[in-house]
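Let me begin by presenting the structure, written as structure tokens, before commenting on it.
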Amino acid sequence: MLKKNVPLPLYYQIEEYLKQKIEEEEFEIGKMIPSERELSERFEVSRMTVRQAVTNLVNAGVLYREKGKGTYVAEKKLEQPLKGLTSFTEDMKQRGMSSSSQLLAFDVIAAPRDIREKLDLEEEEKVYCIQRIRIAEDKPMAIETTFMPHELLPNLTEDIVHGSIYQYVEHDLGMAISQARQIIEARAADEEEAEHLNISPHSPVLHIERKSFLAPSVPFEVVKSTYRADRYKFITDIDR
Ligand code: 16G
């Protein structure tokens, strides 16, 4: 029951109720929650109040609406700490999740100007342009476009990039990946990204650009990635 004589807004109490039911798995992932009408009757509040609670949870990625059907419980977002320079394969392994990649492109090209500058290359130097859909537990999580100097990794194959690039660089080639710089921005998915990620066009996505270095400070990759914003949140600990 909602408490009417406390300073917590009613919609907020309904949000808390819904989140608790999801936490307790009474409302299961992928299943429909009770309709706005049912909830407004159950709590004896207006439909508007219920709608506000549901809309807030939809905006937070906890629920999603399907037109003409109802409102469903979304999958939990993966919490990605912004600490430690890890690979997609390692991240999923740490969570006990399976990972795979769908290879969309594997080319050796003349480096575009911005990539050439970021990788400190000469004009005629070639780069790999590798595009992969990164998949966790059979679901697409991100699209990654990786640029790496061809000269640094002359024997890279499609087979290798179906697995882990970091594993190849460190274990097979014995090179040390030391640090990276990452920039995260919000965007709306374009048609192509939406199709690859299995989301509707214009859904929110997180665009990440990572530039990584081999020790002592040789840039070896520029990666432009698009992550599903409904599946990821990035966590950072900060000291004062
Ligand atoms: C992560 C990295 C990417 C790197 C990839 C290697 C981001 C945000 N993350 O996805 O830069 O190339 O791991 O993964 O860019 P792999 O070793 O599984 O191929």
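Taking first residues from the stretch 179-203 that are touching a residue at least 40 places away in the same chain (Cβ under 8 Å) and partners that are open to solvent by 80 Å² or more (accessible area, probe 1.4 Å) and not in a helix (DSSP H, G or I), the Cβ contacts under 8 Å between residues at least 6 apart in sequence or on separate chains come to ALA186/PRO204; ASN198/LYS139.
If you check GLY61 against the conditions, is it small (Gly, Ala, Ser), more than 15 Å from LYS21 (Cβ to Cβ) and either touching a residue at least 12 places away in the same chain (Cβ under 8 Å) or away from the ligand (no atom under 16 Å from the Cβ) (or both)?
Yes: the conditions hold for GLY61.
Might you check whether a residue that is small (Gly, Ala, Ser), open to solvent by less than 40 Å² (accessible area, probe 1.4 Å) and in a helix (DSSP H, G or I) occurs anywhere in the stretch 58-72? The answer is no; no qualifying residue exists.
For residues in the stretch 215-240 being farther than 30 Å from ILE29 by Cα and within 13 Å of the ligand (Cβ to nearest atom), which is surrounded by the fewest Cβ atoms within 10 Å (Cβ to Cβ)?
Only one residue fits best here, namely LYS224.
For the stretch 139-147, indicate whether the set of residues that are more than 15 Å from the ligand (Cβ to nearest atom) and either over 15 Å from the mean Cα position of the chain (by Cα) or β-branched (Val, Ile, Thr) (or both) is non-empty. So far as the stretch 139-147 goes, no, none of its residues is more than 15 Å from the ligand (Cβ to nearest atom) and either over 15 Å from the mean Cα position of the chain (by Cα) or β-branched (Val, Ile, Thr) (or both).
When GLN94 is tested against (1) within 16 Å of the ligand (Cβ to nearest atom); (2) open to solvent by 70 Å² or more (accessible area, probe 1.4 Å); (3) within 22 Å of VAL205 (Cα to Cα), only condition (3) is not met.
Suppose the filter is open to solvent by less than 70 Å² (accessible area, probe 1.4 Å), among the acidic types (Asp, Glu) and in contact with a strand residue (DSSP E or B) (Cβ under 9 Å, 6 or more places away or on another chain); does GLU75 pass it? For GLU75, the condition - open to solvent by less than 70 Å² (accessible area, probe 1.4 Å), among the acidic types (Asp, Glu) and in contact with a strand residue (DSSP E or B) (Cβ under 9 Å, 6 or more places away or on another chain) - is met. Scan the stretch 111-133 and tell me whether some residue there is over 23 Å from GLU193 (Cα atoms), of a type in the set (Gly, Ala, Ser) and away from the ligand (no atom under 11 Å from the Cβ). The answer is no, given that none of the residues of the stretch 111-133 is over 23 Å from GLU193 (Cα atoms), of a type in the set (Gly, Ala, Ser) and away from the ligand (no atom under 11 Å from the Cβ).
Any residue that is over 20 Å from ARG231 (Cβ atoms), polar (S, T, N, Q) and more than 32 Å from the chain's Cα centre (by Cα) - is there at least one of those in the stretch 4-27? Checking the stretch 4-27: at least one residue is over 20 Å from ARG231 (Cβ atoms), polar (S, T, N, Q) and more than 32 Å from the chain's Cα centre (by Cα).
Figure legend. Inter-residue proximity from the stretch 216-240: first residues small (Gly, Ala, Ser), second residues within 14 Å of the ligand (Cβ to nearest atom), beta-carbon distance below 7 Å, spacing 6+ or different chains. Indicated pairs: SER225/ALA142; SER225/ILE143; SER225/GLU144; SER225/ILE208; ALA229/VAL205; ALA229/LEU206. If you take the residues in the stretch 23-47 that are under 20 Å from GLU66 (Cβ atoms) and of a type in the set (A, V, I, L, M), which one is surrounded by the fewest Cβ atoms within 10 Å (Cβ to Cβ)? Residue satisfying both the conditions and the ranking: ILE29.
The values are calculated or read from the model by the stated rules, or taken from the named source; none is laboratory data. Just so it is clear, the structure is predicted and the values come from calculations on it, not from any experiment. Cβ atoms come from the backbone with ideal geometry, glycine included; neighbour counts cover every protein chain shown. With ligands, DNA and RNA removed, areas are computed over all heavy atoms of the protein, side chains included. Shrake-Rupley method; radii C 1.70, N 1.55, O 1.52, S 1.80 Å.
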